[in-house]
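The structure appears right after this line, and notes come after that.
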Amino acid sequence: MIGERKALRKRIVISNTNALEVQGLRDLNVKNMVDETQIGQMLALNEELLDHLRDVRAFKPTQNWNMFRKPSTLMRRESVEMGRTILDVSAGQAEERPRTVRRIIAGERGTGKSLMLLQAMSMAFLNDWVVINVPEGQEYTIAHSAYAPMTINSARQLSPDQAAQTASKQSQGSQEMIYNQPTLTAELLQRISKSNENVLKRIPLAHEYKFGDYEPKNLYSLAVVGVEETSLSWKVWQTLWEELTSPSERRRPPVLVAIDGIDHWMTLSKYRSADYKPIHAHQLAPIRHFVEMLFNQNGAGQLANGGIVLAATTGSNAPSVPAFELLLKQLDARARGLKMGDNEFPMPQPYKTVDQRVLNLLEGSAELNVQRLKGLEKDVEAKGLLEYFARSGVFREVVSERTVAEKWSLAGGGVIGELARFGSRLRV
């Protein structure tokens with residue numbers, strides 16, 4: 001069958017009835033997600049939460065969910081910090097003090113960046129937030145979906161003749177060409193509508209809209225319009241985002257935006273213009289929207305009802321983007337108190353061409369910070385993970401201090417991906 005191999009490659013099994021059931025395993029909830037005593041403990045994801053996470057595509061095929069009886073996640077120190085941030089944003093929204101947090105999660109391969117996004121989405125769902133997830137950033141740049149040109153200030157797609165005229169103007173430097181991705185935008189709206197259905201149905205529209213024969217009454221029916229009519233998906237997305245983030249008499253819930261694989265958005269895409277020139281990722285309308293939101297360009301990063309914008313780098317198939325690597329170093333330096341004119345502030349190497357589009361993102365991103373994930377703490381987090389492996393029947397050794405130290409060292413200082421790989425090898 002067509003697509004069968006792709007379906008098998010991307011299939012995600014999140015439970016295993018042959019695994020041992022771990023007794024006394026507690027579910028993740030609003031209270032224990034901020035409890036420091038839970039650091040190093042595994043917390044299960046309940047059925048309702050699993051449905052939301054499936055719909056939003058939070059799981060990855062490489063995360064070894066199929067080895068355990070029930071999907072569970074390790075509470076790290078960073079996890080508790082994330083939970084407290086979510087509760088702080090929720091409290092600020094309730095007190096009409098909206099707060100926007102913007103963060104890039106970086107780290108080596110296997111350090112748990114995607115899992116941190118999953119935990120953030122789980123905590124947001126538990127607090128009745130609206131969750132928007134981009135599970136694979138590279139899907140927007142590899143030229144596997146339809147795209148169409150449009151002007152920078154308009155969501156109206158252009159005809160071939162209009163596109164040629166706009167391309168000629170672009171070559172003269174009068175206006176930049178922006179490209180819509182209607183199929184990917186419709187898929188984004190589908191994830192939003194399915195995973196946040198209960199929340200969106202309770203939120204009426206602040207204004208009246210009409211899209212052809214469609215007259216949506218709430219945010220859920222608005223998102224469904226973009227799913228059913230792909231040609232309207234970009235216009236519907238802009239309307240939905242405006243409804244979610246604009247001040248309103250009726251309070252809107254905070255929004256969590258999660259982006260995985262932000263590296264792919266900082267270089268040229270595989271798409272081509274009418275002149276067969278490579279299209280930069282920032283010329284693609286959905287990417288442009290999320291990048292401006294993350295780096296607070298043109299005021300797009302301030303959410304009127306509060307929220308969090310999270311982006312994670314990728315270590316598995318990361319493209320080589322020197323400008324983005326330099327940008328992360330500049331953000332780290334700014335967090336240490338360095339300024340642009342200081343001698344220790346990272347600057348581009350002379351006589352080397354860098355992508356100025358990416359470096360210009362530093363301006364306006366004063367509140368953006370970079371969180372560097374490293375290995376697990378040996379005595380608490382790594383030990384708790386190995387104990388969970390042993391109780392699930394996938395680790396046949398006694399979990400002693402010596403065993404934990406051995407596995408922690410072999411895993412490169414507690415890299416969670418490598419630790420799971422060593423810990424899951426059966427020894428009979």
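Rundown of residues vs (1) under 23 Å from the mean Cα position of the chain (by Cα); (2) open to solvent by 80 Å² or more (accessible area, probe 1.4 Å); (3) closer than 26 Å to Q41 by Cα, yes/no style:
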residue: T314; (1), (2), (3): yes, no, yes
residue: G337; (1), (2), (3): no, no, no
residue: K352; (1), (2), (3): no, yes, no
residue: N360; (1), (2), (3): yes, no, no
residue: S365; (1), (2), (3): yes, no, no
residue: R396; (1), (2), (3): no, yes, yes
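Residue under question is N296, and the condition is that it be touching a Gly at 6+ places or on another chain (Cβ under 8 Å) and either basic (K, R) or open to solvent by 10 Å² or more (accessible area, probe 1.4 Å) (or both); does it hold?
Values: touching a Gly at 6+ places or on another chain (Cβ under 8 Å): yes; either basic (K, R) or open to solvent by 10 Å² or more (accessible area, probe 1.4 Å) (or both): yes.
Considered against the rule, which asks whether it is touching a Gly at 6+ places or on another chain (Cβ under 8 Å) and either basic (K, R) or open to solvent by 10 Å² or more (accessible area, probe 1.4 Å) (or both), N296 comes out as yes.
Would it be correct to say that V134 is crowded, with 20+ Cβ neighbours inside 10 Å and modelled with pLDDT of 95 or more?
Taking the combined requirement at face value, the residue satisfies it.
Give the residue that is modelled with the lowest pLDDT, with candidates limited to residues of region 168-220 that are among the charged types (D, E, K, R) and either assigned to a helix (DSSP H, G or I) or crowded, with 20+ Cβ neighbours inside 10 Å (or both).
For region 168-220, the residue satisfying everything is K169.
Tally the residues that are of a type outside the set (G, A, S), at pLDDT below 95 and either closer than 23 Å to N317 by Cα or part of a loop (DSSP other than H, G, I, E, B) (or both), restricting the search to region 145-166.
5
For A120, indicate whether it is of a type outside the set (V, I, T), closer than 27 Å to K329 by Cβ, open to solvent by less than 40 Å² (accessible area, probe 1.4 Å) and at pLDDT 95 or above. Even if it seems obvious, please write down each step before you answer.
Numbers: of a type outside the set (V, I, T): yes; closer than 27 Å to K329 by Cβ: yes; open to solvent by less than 40 Å² (accessible area, probe 1.4 Å): yes; at pLDDT 95 or above: yes.
It is true that A120 is of a type outside the set (V, I, T), closer than 27 Å to K329 by Cβ, open to solvent by less than 40 Å² (accessible area, probe 1.4 Å) and at pLDDT 95 or above.
Has region 271-288 got any residue that is in contact (Cβ under 8 Å) with a residue 12 or more places away in the chain and under 14 Å from the mean Cα position of the chain (by Cα)?
Yes - at least one qualifying residue is present in region 271-288.
Could we say that S248 is in a loop (DSSP other than H, G, I, E, B), over 22 Å from Y271 (Cβ atoms) and open to solvent by less than 60 Å² (accessible area, probe 1.4 Å) here?
On the way: in a loop (DSSP other than H, G, I, E, B): yes; over 22 Å from Y271 (Cβ atoms): yes; open to solvent by less than 60 Å² (accessible area, probe 1.4 Å): yes.
Yes: the conditions hold for S248.
Give G364, G412 a once-over and let me know the one that is assigned to a loop (DSSP other than H, G, I, E, B), at pLDDT 90 or above and at positive phi.
G412
Based on what the data block shows, is G315 farther than 27 Å from Y179 by Cα and not in a helix (DSSP H, G or I)?
yes
The values are calculated or read from the model by the stated rules, or taken from the named source; none is laboratory data. Predicted model only: the values in this text are computed from it and were never measured. FYI the Cβ positions are ideal-geometry reconstructions off the backbone, even for glycines, and counts take in every protein chain you see. Remember, those area values only see protein heavy atoms, side chains included, never the ligands or the DNA or RNA. Shrake-Rupley method; radii C 1.70, N 1.55, O 1.52, S 1.80 Å.
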